[in-house]
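See structure below.
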Amino acid sequence: MGVLPLQFKPGENAASHGITGKEVFNIRNLQRIQSPGEEITIEMIRADGAIYSFLATVRLDTKNEVEYFHHRGILNTILLNLA
């Protein structure tokens with residue numbers, strides 16, 4: 001799948017975090033996501049090298065979606081369950 005859906009916290013948005021589109025984002029500890037709707041820290045490196053962090057909600061909304069994410073997709077999950 002390759003995409004982790006994230007949602008800003010209530011009252012926050014790209015503008016409130018100063019996101020311009022020139023940043024690099026790091027998301028660490030993805031293996032710690034075990035339940036739907038968990039929060040994760042997003043590290044943003046600005047064009048000038050400044051580092052800024054904020055929390056976001058992981059939009060894996062069911063236990064199945066969490067399982068699919070950890071197995072790198074629905075097809076892999078199905079194949080693992082068949083094996």
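Every number here is computed from the coordinates shown, using simple stated rules; none is lab data. Here the structure is a predicted model, which is why all the values come from computation and not from measurement. Reconstructed Cβ throughout: ideal geometry from the backbone, glycine too, with neighbour counts over all protein chains shown.
Output the Kirkwood hydrodynamic radius of the chain, Cα pairs only, in Å rounded to one decimal.
Evaluated over the chain, this radius sits at 14.2 Å.
Taking the Cα centre of region 6-82 as origin and charging only Cβ (+1 Lys, Arg; -1 Asp, Glu), how large is the dipole, in debye to the nearest 20? Can you show the working numbers first?
Working: 8 positive and 9 negative charges, 24 e Å.
The calculation lands at about 120 debye.
Pop a pseudo-label 7 angstrom from the Cα along the beta-carbon direction at both Glu43 and Asn29 and give the gap in nm to one decimal.
With each label placed 7 Å out from Cα toward Cβ, I get 1.2 nm.
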